[in-house]
Amino acid sequence: CTMPKSACGASPRAARLLKAILLGTGAAAVSALVWYAIVKLTGYELGIIAVAVGFAVGGAVRAGAEQRGGWAYQLIAVVLTYLAIAASYVPLVMESFRAQATTEQEMVLLVSSIAVALAACWLPARKAARVDPLTALREE
């Protein structure tokens, strides 16, 4: 945009961040569906599929960030990857409770599962994002 930043709307960095989040969320949703389908059809939980989920989400975030990197994009990719894997288990858990649970109990389970998944991936990722990579490598 050739006009002043205030006239153009969001800054390019904010636009890249939003695009990275949107593309990463789309990749996470598709990956969660693929993970669920494989588990449902085969009965096996293949760890290599989790790696593929991370690769797909990371690639989508990087594409949205216009091939730029940084801790913010890494954090987005990690959180979305963990959420995709956690979300793929929600239907399996819900199926086991469906026969004996009420709708209210199912909603409590769903909300608490999402809250636990967010806490489980956000806190370690935030801590890891604060560590200087060179310092961590020197200490090993």
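Which ones in the stretch 106-121 are among the hydrophobic types (A, V, I, L, M, F, W, C) and out of contact with any helix residue (DSSP H, G or I) (no Cβ under 6 Å at 6 or more places or on another chain)?
If we filter the stretch 106-121 for residues that are among the hydrophobic types (A, V, I, L, M, F, W, C), which is where we start, we get 107-111, 114-121.
The answer is Met107, Val108, Leu109, Leu110, Val111, Ile114, Ala115, Val116, Leu118, Ala119, Ala120.
Of the helices (runs of 4 or more DSSP H) that lie entirely inside the stretch 67-140, those containing 1 or more residues that are open to solvent by less than 50 Å² (accessible area, probe 1.4 Å), at pLDDT 75 or above and among the hydroxyl-bearing types (Ser, Thr, Tyr) span 71-98, 103-129. Counting only residues that are at pLDDT below 80 and either within 19 Å of the chain's Cα centre (by Cα) or part of a helix (DSSP H, G or I) (or both), which one in the stretch 2-45 is nearest to Arg68 (Cα to Cα)? Here the residue is Arg13.
The values are calculated or read from the model by the stated rules, or taken from the named source; none is laboratory data. Computed from a predicted structure; not experimentally measured. Neighbour counts run over all protein chains shown; Cβ positions are idealised from the backbone, glycine included. Heads up: the accessible areas ignore ligands, DNA and RNA and are worked out on the full protein's heavy atoms, side chains in. Shrake-Rupley method; radii C 1.70, N 1.55, O 1.52, S 1.80 Å.
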